[in-house]
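The values are calculated or read from the model by the stated rules, or taken from the named source; none is laboratory data. Quantities reported herein were computed from a predicted structural model and do not represent experimental measurements. All Cβ positions, glycine included, derive from the backbone under ideal geometry; neighbour counts span all protein chains shown. What goes into the accessible areas is simple: the full protein's heavy atoms, side chains included, and nothing from ligands, DNA or RNA. Shrake-Rupley method; radii C 1.70, N 1.55, O 1.52, S 1.80 Å.
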Amino acid sequence: QVQLVESGGGLVQAGGSLRLSCSGSGRTLSIYDVGWFRQAPGQEREFVAGITRTGTTTRYRDSVKDRFTVSRENAKNTVYLQLNSLRPEDTALYYCAAKASSVPFITSRASYEYWGQGTQVTVSS
């Protein structure tokens with residue numbers, strides 16, 4: 001199995017930026033597809049962005065397209081989520097998760113086997 005740890009969250013003003021990191025240990029992260037999810041209080045955990053194991057394909061929910069960018073450096077066992085033009089509605093606990101590589105790419109949270117503990121992103125209005 002692989003263990004995941006998120007970092008990089010914080011408090012920012014609307015319009016600001018953050019870069020989240022997801023670091024893997026144990027089994028190499030390079031064999032997994034990785035997704036980013038977020039959960040606000042009282043809300044369901046929702047898919048934000050994902051990347052295939054080779055980094056050749058990415059996918060985003062509509063509300064973050066052109067604002068967020070997911071990337072990975074497999075040699076460092078790390079996946080990133082760059083958050084730009086942040087809005088108050090982006091406020092949530094952000095999780096990274098890993099699953100076995102699949103075609104097509106799957107965004108359902110039930111498909112992800114391994115989860116980090118989350119990092120908090122708070123955007124002030």
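Structure above, values below:
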quantity	calculated
Count of the range 10-39 residues which are closer than 21 Å to residue 65 by Cβ and open to solvent by 30 Å² or more (accessible area, probe 1.4 Å)	5
Boolean, residue 4 is of a type in the set (A, V, I, L, M, F, W, C), more than 15 Å from residue 109 (Cβ to Cβ), surrounded by 13 or more Cβ atoms within 10 Å (Cβ to Cβ) and within 12 Å of the chain's Cα centre (by Cα)	no
Looking only at the range 41-54, and only at residues there that are open to solvent by 30 Å² or more (accessible area, probe 1.4 Å) and out of contact with any Asp or Glu (no Cβ under 8 Å at 6 or more places or on another chain), the one that is farthest from residue 21 (Cα to Cα)	42
Matching option when the condition is under 15 Å from residue 17 (Cβ atoms), open to solvent by 40 Å² or more (accessible area, probe 1.4 Å) and assigned to a strand (DSSP E or B), among 120, 82	82
Residue 108 being touching a residue at least 24 places away in the same chain (Cβ under 8 Å), more than 21 Å from residue 124 (Cβ to Cβ) and open to solvent by 50 Å² or more (accessible area, probe 1.4 Å)	yes
Residue check, residue 89 within 20 Å of residue 9 (Cα to Cα), in contact with a Gly (Cβ under 9 Å, 6 or more places away or on another chain) and either modelled with pLDDT under 95 or among the acidic types (Asp, Glu) (or both)	no
Checklist (1) open to solvent by less than 30 Å² (accessible area, probe 1.4 Å); (2) of a type outside the set (S, T, N, Q); (3) part of a strand (DSSP E or B); (4) under 19 Å from residue 18 (Cβ atoms) applied to residue 93, failing item	(1)
So residue 114, is it open to solvent by 40 Å² or more (accessible area, probe 1.4 Å) and of a type in the set (Phe, Trp, Tyr)	yes
Residue 71, sole failed condition from (1) under 11 Å from the mean Cα position of the chain (by Cα); (2) open to solvent by less than 10 Å² (accessible area, probe 1.4 Å)	(2)
Test for residue 71: is it without any contact (Cβ under 8 Å) to a residue 40 or more places away in the chain and either part of a helix (DSSP H, G or I) or not polar (S, T, N, Q) (or both)	no
